[in-house]
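This report concerns only the one structure given below.
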Amino acid sequence: MADTVKSAPNAGGRSGLAGRSAARLAAVQALYQMDIAGAGLDSVIAEYETYRIGQEIDGERYVPADSAHFRAVVSGVVAEQRPIDRTIDKILADSWPLARIDSILRAVLRAATFELMGKRDIPPRVIINEYLDVADAFFDTEEKRLANGVLDRVARDIRVDDPDLAAGAREP
């Protein structure tokens, strides 16, 4: 899987995203930037809140986002990256660890796993579907299927008593 990223200011052209949906997309993009460029947490958050979220870039208008949710996800992933990565790595095949996954897909998996672990007030299906929508902005079917399978397993492992998980995983 290559580190190619499609432009996704409006999550695949959908306008009117809710604030949390836009925050999730921006968080994945920020985590990707941190991973690839080695940028620091504070500078990336400041850059996104000042120059990207809700702004026009290259003729594309970025949707306003829930800044608190954006900050919580990006900061939470950074603070909890080791346990998040261990959780994801347990699910991935031994021959395909998280380090080998495409950087943007890795950001999607980490952000969603953080929310599944730490945002118990949000139903797991909502989190999974939102991050599958984010993945849809960047990838074709194969990566979305991988994300769906991994996130479904993460949710079932973390939230074992959640009745929301009784209905099967979403098809990408």
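Values quoted throughout were computed directly from the atomic coordinates according to the rules given, and no laboratory measurement underlies them. What you see is a predicted model; the values in this text were computed from it and never measured. We place every Cβ from the backbone using ideal geometry, glycine too, and count neighbours over all the protein chains shown.
Between residue 101 and residues 5 or more places away or on another chain, which pairs have amide H atoms under 5 Å apart, with H built 1.01 Å from N, and which residues are they?
Close amide H contacts, sequence-distant or interchain: none at all.
Which percent of Cα pairs goes in each bin when the distances of the chain are cut into 5 angstrom slices starting at zero?
P(r) over the chain, rounded to whole percents: 1, 9, 19, 23, 22, 15, 7, 3, 0, 0.
In the chain, with Lys and Arg counted as +1 and Asp and Glu as -1 at Cβ, which of these residues, 155, 67, 97, has the Cα nearest the positive end of the dipole, that is, farthest along it?
155
Counting other beta carbons within 10 Å of each Cβ, put 90, 144, 119 in order, fewest first.
90, 119, 144
Towards the positive end of the charge dipole of the chain, with charges on Cβ (+1 Lys, Arg; -1 Asp, Glu), say which of 55, 126, 40 has the farthest Cα.
Sorting the options by dipole projection puts first 126.
Mind giving me the nanometre distance, one decimal, between the label points for residue 156 and residue 75, set 7 Å out from Cα along Cα→Cβ?
According to this spin-label approximation, the distance is 3.4 nm.
Could you give each residue of the stretch 61-72 its phi-based ³J(HN,Hα) in whole Hz, using Karplus coefficients 6.51, -1.76, 1.60 with θ = phi - 60°, and x for Gly or Pro?
With coefficients 6.51, -1.76 and 1.60, one gets 8, 7, 6, x, 10, 6, 4, 5, 5, 4, 4, 4 Hz.
Using just the helices of the chain, give the 222 nm mean residue ellipticity in deg cm²/dmol: DSSP H runs with n ≥ 4 each add -39,500 (n - 2.57), and the total is spread over all residues, rounded to 500.
-18500 deg cm²/dmol
Kindly express, to the nearest 10 degrees and within the range 0 to 90, the angle between helix 103-118's C-alpha long axis and the longest C-alpha principal axis of the chain.
Computed tilt is about 70 degrees.
Can you list residues whose amide H is under 5 Å from residue 54's amide H, if they're 5+ apart or on another chain and H is modeled 1.01 Å from N?
62, 63, 65
Suppose every Lys and Arg Cβ carries +1 and every Asp and Glu Cβ carries -1, with no other charges. What dipole size does the chain come out with about its Cα centre, to the nearest 20 debye?
So the dipole magnitude of the chain works out to roughly 280 debye.
What nm value, rounded to one decimal, do you get for the distance between residue 145 and residue 55 when each label is placed 7 Å out toward the C-beta?
Inter-label distance under the simple model: 3.9 nm.
Between the stretch 47-87 and the stretch 133-157, what is the C-alpha centre distance in whole Å?
Centre-to-centre distance over Cα atoms comes out at 19 Å.
Summarise the long-distance tail of P(r) for the stretch 52-110 by giving the % of C-alpha pairs beyond 12 Å.
73
Order of 76-89, 100-113, 56-69 by packing, highest average Cβ count within 10 Å first?
In decreasing order of mean packing, 76-89, 100-113, 56-69 become 100-113, 76-89, 56-69.
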